[in-house]
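Asker: Below are the structure tokens for one structure; questions will follow.
The values are calculated or read from the model by the stated rules, or taken from the named source; none is laboratory data. Predicted model only: the values in this text are computed from it and were never measured. Don't worry about glycine lacking a Cβ; one is built from the backbone with ideal geometry, like all the others, and counts go over all protein chains shown.
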Amino acid sequence: MEMTEDFKAMFSSKPTEPSSKQSTPPVTEKDLKLPVGALQHMSKLEKDYGLQSGILLSIAQQESGGEEDRANAKSKVGAKGWFQFMDKTAKQYDVNTADFYSSSTGAAKYLSSLKQTFEGDLDKMISAYNWGQGNVKRKGMENMPSETSNYLTKVKENLSKFGGLGFSKESMKPPTKDMSQNPKAGFPLFNMTQDFKELMGIQDM
């Protein structure tokens, strides 16, 4: 049997050189301390309310990502829960701050309102979420406090990671027990089927 150089290369035992650009591994809900189904839920909300992909996750991670008990997180000024709603805003958007799905839905509605108020200006939307839309309108972005400036920077950094690129639909699904996968490497094991043999013109020895 004659094998082409290309075909030999496919099965060469010589290790390949690592790529200089390493792809970012998928982000999972467990990594982010989020409930099951949270990523799909936020992605749907972003589509339903016309929001930038990843904005809800980016804000949620900045608001409560560092807390062990995110549902009951409370700031020194009284903001509560996953998305750190003040009581007045939570009441306005009918939010149960301890419930992720209620909080994320309320956050989507609030951001949609901010988008309309600021005509889609993302920096103003993010700053208003932290500083208040009244302050952004009256005082202007150039006068924002350092806390809001830092908040804006960190949320936009999160967006660069989570803006539809940091996770995929596959990462949102529960793991399946597929014995065709190598549990250590996570790649399909090669199986030279009869169909493949015929396709490549390989004859059984």
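Asker: Within the range 55-98, can you find the residues that are in contact with a Ser or Thr (Cβ under 9 Å, 6 or more places away or on another chain), acidic (Asp, Glu) and assigned to a loop (DSSP other than H, G, I, E, B)?
Answerer: Scanning the range 55-98 gives a single hit, Asp94.
Asker: Against the conditions (1) loosely packed, with under 10 Cβ neighbours inside 10 Å; (2) in a helix (DSSP H, G or I); (3) among the acidic types (Asp, Glu); (4) modelled with pLDDT of 60 or more, where does Asp6 fall short? Just the number, please.
Answerer: The failed condition is (4).
Asker: Condition first: in contact (Cβ under 8 Å) with a residue 12 or more places away in the chain and in a loop (DSSP other than H, G, I, E, B). Can you find one or more residues in the range 113-125 that meet it?
Answerer: Yes, that holds for at least one residue.
Asker: I'd like to check something: does the range 112-128 contain any residue that is among the basic types (Lys, Arg), at negative phi and out of contact with any Phe, Trp or Tyr (no Cβ under 6 Å at 6 or more places or on another chain)?
Answerer: yes
Asker: Pull up the range 58-75, narrow it to residues that are touching a residue at least 40 places away in the same chain (Cβ under 8 Å) and more than 17 Å from Lys115 (Cα to Cα), then point me to the one that is surrounded by the most Cβ atoms within 10 Å (Cβ to Cβ).
Answerer: Ala60
Conditions (1) modelled with pLDDT of 95 or more; (2) not aliphatic (A, V, I, L, M), marked per residue:
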site: Asp87; (1), (2): yes, yes
site: Asp94; (1), (2): yes, yes
site: Thr97; (1), (2): yes, yes
site: Ala108; (1), (2): yes, no
site: Lys115; (1), (2): yes, yes
site: Leu159; (1), (2): no, no
site: Pro188; (1), (2): no, yes
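Asker: Now for a different question. Kindly check whether there is at least one residue in the range 20-40 that is within 21 Å of the chain's Cα centre (by Cα) and closer than 27 Å to Met141 by Cβ.
Answerer: No, the conditions are met nowhere in the range 20-40.
Asker: What tally of residues in the range 43-57 results from selecting those that are more than 16 Å from Lys115 (Cβ to Cβ) and buried (at least 20 other Cβ atoms within 10 Å of the Cβ)?
Answerer: Number of matching residues: 1.
Asker: Kindly evaluate Thr28 against the criterion of being among the polar types (S, T, N, Q), part of a loop (DSSP other than H, G, I, E, B) and touching a residue at least 12 places away in the same chain (Cβ under 8 Å).
Answerer: yes
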